[in-house]
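The next block holds one structure in the form of structure tokens; read it before the comments.
Here, each number is a calculation from the coordinates, and none is a lab measurement. As the structure is a prediction and not an experimental result, all values here were calculated from the model. For neighbour counting, all protein chains shown are included, and Cβ atoms are generated from backbone atoms with ideal geometry for every residue, glycine included.
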Amino acid sequence: MNPIDSYSKYLEYPEIQAYLDETVEQGWTDKVSLAKNIIRQGRDAAEQINILGDDGVPMAYHETFWKSELVDFVILQQDAFDPIDSLCPMERQQFMLDLVLDICAKEFSFENFEECRNYFKEMINLLRQMNYSEFHGDSFEKYVKELNNLLESNGK
Amino acid sequence: MANKVYQRVYTQLEAITKATVALRATGVSNDELATVHGRLAQVVKTKGDTVTLQVFSGTEGIPTNAEVAFLGAPPTLKVSDQLSGRFFDAYGHPIDGGPEVEGEERQIGGPSVNPYKRRQPSQLIPTGIAGIDLNNTIVSGQKIPFFADPDQPYNAVMADVALRADVDKIILGGMGLSNDDYLAFRHAFEGAGALEKIISFVNTTEEPPVERLLIPDMALTAAEYFAVDKNEKVLVLLTDMTLYADALSIVSNRMDQIPSKDSMPGSLYSDLAKIYEKAVQLPSGGSITIIAVTTLNDGDITHAIPDNTGYITEGQLFLRADADSGKVIIDPFRSLSRLKQLVQGKQTRDDHSQVMNAGVRLYADAQNAKTKLENGFDLSDYDHRCLDYAKEYATRLLSIDVNIKIDEMLDTAWELFAKYFTKAETGIKQTFIDKYWKG
């Protein structure tokens, strides 16, 4: 499903927003639009990278692009044939979206775009493995720990 | 087809077109066969007393006072085990010099199996071609076409698939086959020593195009005999459905029906569905699987024939000549078997679906790298690895000349992942990485 072209009008309804504020958390729809905007920014950055080349754009463009890839791979992509990932309750969605948005809010510093790519690939893999693990189970917590180590090594 | 005694013979035609004749007659039923001036014909339309007949071999030379006799029954096929290993024409007459087949006479083109009496397809049909088995697994009871350009070796691929598939009977419905293709099929089947499980109904380009309208119904009537009566797994190959649809349009357009899109008859969807919906998995274990070929005009999938076909069938397989590997490959982006998840990881190894997804995702990354290269940009280390991977992936897995078991396909994929990528770059579930990662 195209995450930009697809939309639900309901997220703009005050009744729905009030309901989600109450049942999920205060300001949930704002978080959803925030994530959507990250995807949008990533698409723009990818366009610039395609036009100007990897070396032709500032590092920030690469970072923006990979943050959108992070949302895409971890939040939007779901393995419908995996027994754990195919069932993702609201509590878990909330936890993962918070986690991903926190990461996207950080600023990173990279020497070059290859380093940026490798760093995010590593991070995406850890978060995907979390999606495949039982929520708050042993291996899930193990990946959380590895993720935190990875974040401490760079993110501010 | 000699006339019977006391049979009513009509001698006044009211209209003649290239493929049909019309006359006034009573007591005639739809789909009934007739002879017109000694040629076989079939009732395609009745309106009041006016009956329209399609003359299979064309109406050239038929006079307005031609003798028309109705035979009282639609086309039939005699079914029995004697069908095995034989070659027939569109009327079900042997063309291999052998004797006529003895057996129960059945009307062709009847209704398909009641959906309520069917089972969900669940048996894997391995073909040895990784582009199919690994990425687009085919399941018994499925209906799936090859979308191919006319210059691609689709008939050779079909013959390979047929001979490798673990089925009891293979039924070939050849419509508008060139004599070369007909002989190629014949040699392939004879050479494999598998002739006794193959039955062929063939209409070549030498024969009148309208005759080929009978081919799918003949092939499927034989298929239903073996699947329903004998509980056998039957694979039906139909090539080429575009020529079949062209024959449909010849008849309908000459009957002053208003043509639909691309000058096809308005009933094209129903005409095709009537054929494809014969694919079935029966509770008794018998099944009919249909693999068809739809040739494309300049790759145009919006044409009425592939478009309607796509709505009926359960996916499609695209052949593509890959310039990088120099092979004809099954295009992983445009091909899809809609039933693959019914067997992947269930009848195949547990890592199947993840390996498939990772393999195609990395192949897609290679396409991005290729675009970059074409646009004149420097490639990163990852881009180079993707391109090398893509070449080997296309050669060793996507190419149609591959013939290996599914476990070997999975092992080959794991080997390529380890050769070109890190574990994190594949994004595969850790338990599978622990179990299968090579190196």
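Using all Cα-Cα distances in the stretch B:79-224, what percent lands in each 10 angstrom bin from 0 up to the longest?
Going out from 0 Å in 10 Å bins, the stretch B:79-224 shows 10, 38, 38, 14, 0 percent.
How big is the dipole moment of the protein assembly as shown about its Cα centre under a simple scheme where the beta carbon of each Lys and Arg is +1, that of each Asp and Glu is -1, and everything else is neutral? Debye, nearest 20, please. Could you put the intermediate results ahead of the total?
Numbers: 58 positive and 89 negative charges, 338 e Å.
Result for the protein assembly as shown is approximately 1620 debye, rounded to the nearest 20.
Given a Förster distance of 25 angstrom, what is the FRET efficiency for B:GLN120 paired with A:ALA80, based on the Cβ-Cβ distance and rounded to 0.05? Could you put the intermediate results ahead of the total?
Working: r = 17 Å, r/R0 = 0.69.
Result of the calculation: an efficiency of 0.90.
Show the residues, 5+ positions off or on another chain, whose built amide H is closer than 5 Å to the amide H of B:GLY315.
Those lying under 5 Å, H to H, from B:GLY315 are B:ARG338.
Using θ = phi - 60° and the Karplus form 6.51 cos²θ - 1.76 cosθ + 1.60, what ³J(HN,Hα) does each residue of the stretch B:373-384 get, whole Hz, x for Gly and Pro?
4, 5, 7, x, 9, 5, 9, 7, 4, 4, 4, 4
Provide Rg and Dmax in Å for the stretch A:21-156, with only Cα atoms included in the calculation.
Considering the stretch A:21-156 through its Cα atoms, Rg and Dmax are 15.4, 47 Å.
For B:GLU32, what residues show an amide H to amide H distance below 5 Å, using hydrogens built from the backbone and excluding near sequence neighbours?
The list, which skips near neighbours in sequence, is B:VAL43.
Can you give the convex hull volume per residue for the Cα atoms of the stretch B:50-105, as a whole number of Å³?
Cα-based convex hull of the stretch B:50-105, divided per residue, equals 122 Å³.
Holding the Cα-Cα limit at 24 Å, pick out from A:LYS106/B:LYS372; B:LYS197/B:LYS327; A:LYS31/B:LYS370; B:LYS327/B:LYS405; A:LYS142/B:LYS435; B:LYS346/B:LYS370 the pairs that are longer than that.
The answer is A:LYS106/B:LYS372; B:LYS197/B:LYS327; A:LYS31/B:LYS370; B:LYS346/B:LYS370.
Rg/Rh for the stretch B:307-346 to two decimals, with Rh computed the Kirkwood way over all alpha-carbon pairs. Walk me through the intermediate numbers first.
Working: Rg = 12.8 Å, Rh = 11.7 Å.
A ratio of 1.09.
Take every residue in peptide A:73-81, count the Cβ atoms of other chains within 10 Å of its Cβ, and give the average of those counts. Provide the component values of the computation, followed by the final result.
Values: counts 2, 0, 0, 0, 3, 0, 4, 2, 7.
Counting Cβ atoms of other protein chains within 10 Å of each residue's Cβ and averaging gives 2.
Per the Kirkwood formula on distinct C-alpha pairs, the Rh of the stretch B:9-70 is how many angstrom?
Numbers: mean 1/r = 0.0910 Å⁻¹.
Kirkwood radius, the stretch B:9-70: 11.0 Å.
Tabulate in residue order the Karplus-calculated ³J(HN,Hα) for the stretch B:145-152, using 6.51 cos²θ - 1.76 cosθ + 1.60 with θ = phi - 60°, rounded to whole Hz; enter x for Gly and Pro.
So the Karplus estimates, Gly and Pro as x, are x, 8, 9, 9, 6, x, 8, 8 Hz.
Fewest first, what order do B:SER80, B:SER399 take by the number of other Cβ atoms within 10 Å?
So the residues, fewest neighbours to most, are B:SER80, B:SER399.
Under unit Cβ charges (Lys, Arg +1; Asp, Glu -1), what dipole magnitude, rounded to 20 debye, does the stretch B:9-70 have relative to its Cα centre?
Values: 5 positive and 6 negative charges, 25 e Å.
My answer is approximately 120 debye.
Among B:THR313, B:VAL293, B:VAL161, flag the residue with its Cα farthest along the positive direction of the charge dipole of the stretch B:76-342, charges on Cβ as +1 for Lys/Arg and -1 for Asp/Glu.
Value computed over the given set: B:THR313.
Given the stretch B:76-342, what whole percent of its Cα pairs are spread farther than 26 Å? Please list the in-between numbers first.
Details: 13132 of 35511 pairs.
The share of Cα pairs beyond 26 Å in the stretch B:76-342 comes to 37 percent.
If neighbour count is taken as other Cβ atoms inside 10 Å, put A:HIS62, B:HIS187 in order from fewest to most.
Values: A:HIS62 23, B:HIS187 11.
Lowest count first: B:HIS187, A:HIS62.
Which far-off residues, 5 or more places away or on another chain, put their amide H under 5 Å from the one on B:ALA15, with H placed in the peptide plane?
Those lying under 5 Å, H to H, from B:ALA15 are B:ALA22.
Please report, in whole Å³, the volume per residue of the convex hull around the C-alpha atoms of the stretch B:352-436. Mind showing how you got there, number by number?
Values: hull volume 7.1 nm³, N = 85.
Once divided by residue count, the hull of the stretch B:352-436 is 84 Å³.
Picking from B:SER122, B:ALA15, B:HIS303, whose Cα lies most toward the positive end of the charge dipole for chain B (charges on Cβ: Lys, Arg +1; Asp, Glu -1)?
Result: B:SER122, furthest along the dipole toward the positive end.
Take the alpha carbon atoms of the stretch B:287-373, find their radius of gyration, then divide it by 2.2 N^0.38 Å using N residues; give the quotient.
1.29
Would you calculate the volume per residue, in Å³, of the smallest convex hull containing every Cα atom of the stretch B:254-293? Walk me through the numbers on the way to the answer.
Values: hull volume 3.6 nm³, N = 40.
Per residue, the Cα convex hull of the stretch B:254-293 comes to 91 Å³.
Once you place label points 7 Å from the Cα toward the Cβ at B:ILE95 and A:ASN2, how far apart are they in nm?
4.7 nm
In a GNM of chain B with a 10 Å cut-off on Cα contacts, which of B:ASP381, B:ASP322, B:ASP89 has the highest mean-square fluctuation?
Evaluated over chain B, the most mobile residue of the options is B:ASP381.
I'd like the projected area of the stretch B:91-149, averaged over all directions, using the convex hull of its alpha carbons. Report it in nm² with one decimal. Each step should come with its number before you reach the end.
Numbers: hull surface 31.7 nm².
In nm², the orientation-averaged hull projection of the stretch B:91-149 is 7.9.
What is the extension gain from B:THR76 to B:LYS435, computed as 0.36 nm multiplied by their sequence separation minus the C-alpha to C-alpha distance, in nm to one decimal? Don't jump to the answer; show the numbers that get you there.
On the way: separation 359, 0.36 × 359 = 129.24 nm, distance 5.64 nm.
Between B:THR76 and B:LYS435, full extension yields 123.6 nm more.
Roughly how many debye, to the nearest 20, is the charge dipole of the stretch A:1-124 about its Cα centre, given +1 on each Lys and Arg Cβ, -1 on each Asp and Glu Cβ, and no other charges? Kindly include the intermediate steps, with their values, before the conclusion.
On the way: 10 positive and 25 negative charges, 44 e Å.
In debye, rounded to 20, the stretch A:1-124 gives about 200.
Between B:GLU206 and B:VAL9, what's the calculated FRET efficiency when r is the beta-carbon distance and R0 is 22 Å? Round to 0.05. Spell out each step's value before the answer.
Numbers: r = 31 Å, r/R0 = 1.39.
The pair B:GLU206/B:VAL9 has a calculated efficiency of 0.10.
Pop a pseudo-label 7 angstrom from the Cα along the beta-carbon direction at both A:ASP102 and B:GLU196 and give the gap in nm to one decimal.
Here the answer is 7.0 nm between the modelled labels.
Short version: what are the Cα gyration tensor semi-axes of the stretch A:30-110, square root of 5 times each eigenvalue, largest first, in whole Å? Don't jump to the answer; show the numbers that get you there.
On the way: eigenvalues 146, 39, 22 Å².
Working through the eigenvalues yields semi-axes of 27, 14, 10 Å.
Report the dimensions of the stretch B:196-354 along its three principal axes from the alpha-carbon atoms, largest first, rounded to Å.
Here the Cα extents, ordered largest to smallest, are 56, 47, 27 Å.
Sort B:ILE288, B:ILE144 so the one with the fewest other Cβ atoms within 10 Å of its own Cβ comes first. Before the final figure, lay out each step's value.
Details: B:ILE288 29, B:ILE144 24.
Ascending Cβ contact count within 10 Å gives the list B:ILE144, B:ILE288.
When you have a sec, figure out the Kirkwood radius of the protein assembly as shown from all distinct Cα pair distances and drop it here in Å to one decimal? If you can, show how the numbers build up before the last one.
Working: mean 1/r = 0.0362 Å⁻¹.
In the protein assembly as shown this quantity evaluates to 27.7 Å.
Return the distance in nm (one decimal) between the two label points of a simple spin-label model at A:ASN50 and B:LYS346, each offset 7 Å from Cα along Cα→Cβ.
Using points 7 Å along Cα→Cβ, the separation is 3.8 nm.
Can you tell which of B:LEU134, B:VAL236, B:GLN82 lies farthest toward the positive end of the dipole of the stretch B:76-342, using +1 and -1 charges on the Cβ of basic and acidic side chains (Lys, Arg; Asp, Glu)?
Value computed over the given set: B:LEU134.
Could you work out the Kirkwood radius for the stretch B:22-128, taking every pair of different alpha carbons, averaging 1/r and inverting it, reported in Å? Could you put the intermediate results ahead of the total?
Details: mean 1/r = 0.0591 Å⁻¹.
Taking the inverse mean of 1/r over all distinct Cα pairs, the stretch B:22-128 comes out at 16.9 Å.
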